[in-house]
Amino acid sequence: MDSAMGDDDSYSKSVGRWSVFYYGAGHMLNDITSACWFTYLLLFLTDIGLSPRDAAVVMLSGQVADGLATIFSGELIDRFGHFKVWHLAGSILVAISFSSVFGGCIPCNIFGSDSLTMETIGYSVFAAIFNVGWAATQVSHMSMINCITLNSTSRVVLASCRNAFTMVANLSLYAVAGIVFTTTSSNTHDDIENQVCIIFFYVLICMVSSSSEITLVNEQYRWIAYLSIAVGCCFVGIFHLGTREPRLKANACVGNQARISWDYWFKKVLYYQVALVYVLTRLVVNVSQAYLAFYVINDLRMIQSAKALVPAVIYVCSFFVSVMLQEVAWTGQRLKAYYSTGGILWVFCGAAIFLLPRNMSWFVYVLSIFIGVANALMMVTGISMQSVLVGEDLNGCAFVCGSLSFLDKMACGLTLYILQSYQTTSKQAQGHLATDVYVSVSRFGLGLVPAFCSLVGVAITYSMNLHPQTLKHTLVPLLE
């Protein structure tokens, strides 16, 4: 008994700076591949010859696999533990399958078929495997926080470091993309001679891919994927070398309280309100990110490096706004006010994006600043509403987070599939003059869909009854 108490006392102490750094580095691979997934996957798949509908099928298969794997991974990790084993296994799946998604259709080479159906199936399989690995890594890494320490301040610091690495990962991706798009040819039809492979994953793909696939200009996206994986894997190594397997007993993490039934949440009106707001917020961020590259290149006809520069501006602005929000003393009314401010900003930005003519393409940089601000306001307050919903019912927080994540994946996947189903038809209406404004799927995906979701989210937020006394956890800074 004394030994157990001694262990609990040691876990109540603050976590050292290096331990926090090692932990935060563990989600870098997930974050950088996720940014690449939503930003460039649809553009890559359509460039290699898949129809917009088939490209949407590939992404939908990944989103469905992610949503289901999130629930099952949490249940299995709760039963069997071994966080680092799950994290490492998920990271290996992410690295191999993600490099395969951007490295060519491996099943096509195995079966000797170049049909579009085989390509769609091949890319969908690896997209699903990637998202299963991604979910295992995410759940194991996130759930480690409560079992690393009992110190509430250290838990916030660990979560803050994880969030900081997310920003670093996204900016790293766009830095890599900017270099690749700037230094390689932008011609999408001319062949490029095979280059010497400097990354291990690239060597593996070269061994199983045909030279005709490798020599396409879509090698740009492959280089982005391979470099992202290489960077992410380095941080995974840092995480596993510097972080020990948590030994804190489960009863020390959550106490001896009984598990809360799912019915408990289904009887709460606030659960449905928070779920809708969270899903709508994720739709705003993910759908806009997926169509930003299409909009910049196909609609505004900007240079290739703009595909990296514009989203980089968004993330830089989001980062600075997130840092400033840590100084706010949160109340229920302020949560609603800040979310509404972000939503209204997105409504105006969405309208401007939908109507922006090609000869004013430079204005997208101004819009990206406001989009970055709006994304930060909506994401920070939208996630904080989950804390309000959970309150002190800690034994039910896993279900809340898991169920909302499941709804988020399903909603994003289906929305992208529906939008991509109309991609070919919309392109036929493309104008030729610089002053033309034609109705494209990119304008819907980047403009109207986020604006509509933001407006609905603001309306739902206005109807919420958020009690100030339940917000004591949000008084702690988001970043330190």
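Of note, VAL85 satisfies the criterion of being assigned to a helix (DSSP H, G or I), closer than 30 Å to ARG244 by Cβ and modelled with pLDDT of 85 or more.
For segment 41-56, does any single residue satisfy the condition of being within 17 Å of the chain's Cα centre (by Cα), modelled with pLDDT under 85 and under 20 Å from HIS240 (Cα atoms)? The answer is no, given that none of the residues of segment 41-56 is within 17 Å of the chain's Cα centre (by Cα), modelled with pLDDT under 85 and under 20 Å from HIS240 (Cα atoms). Would you confirm whether or not segment 33-40 contains a residue that is β-branched (Val, Ile, Thr), assigned to a helix (DSSP H, G or I), modelled with pLDDT of 80 or more and farther than 21 Å from ALA177 by Cα? Within segment 33-40, none of the residues are β-branched (Val, Ile, Thr), assigned to a helix (DSSP H, G or I), modelled with pLDDT of 80 or more and farther than 21 Å from ALA177 by Cα. Of the residues making up segment 15-29, not one is free of Cβ contacts under 8 Å to residues at least 24 places away in the same chain and either acidic (Asp, Glu) or surrounded by 23 or more Cβ atoms within 10 Å (Cβ to Cβ) (or both). Candidates are the residues of segment 112-137 that are touching a Leu at 6+ places or on another chain (Cβ under 8 Å) and of a type in the set (S, T, N, Q); the one that is nearest to ILE77 (Cα to Cα) is THR137.
Residues in segment 358-388 that are at pLDDT below 80, among the aliphatic types (A, V, I, L, M) and closer than 16 Å to ARG282 by Cβ: VAL380, ILE383, MET385.
Looking at the structure I just gave you, is ILE418 surrounded by fewer than 17 Cβ atoms within 10 Å (Cβ to Cβ), under 30 Å from ILE303 (Cα atoms) and at pLDDT 75 or above? When the stated conditions are applied, ILE418 passes them. Among the residues of segment 166-188, those identified as at pLDDT below 80 and under 13 Å from the mean Cα position of the chain (by Cα) are THR166, MET167.
The values are calculated or read from the model by the stated rules, or taken from the named source; none is laboratory data. This structure is a prediction, so every number in the text was calculated from the model and none was measured. FYI the Cβ positions are ideal-geometry reconstructions off the backbone, even for glycines, and counts take in every protein chain you see.
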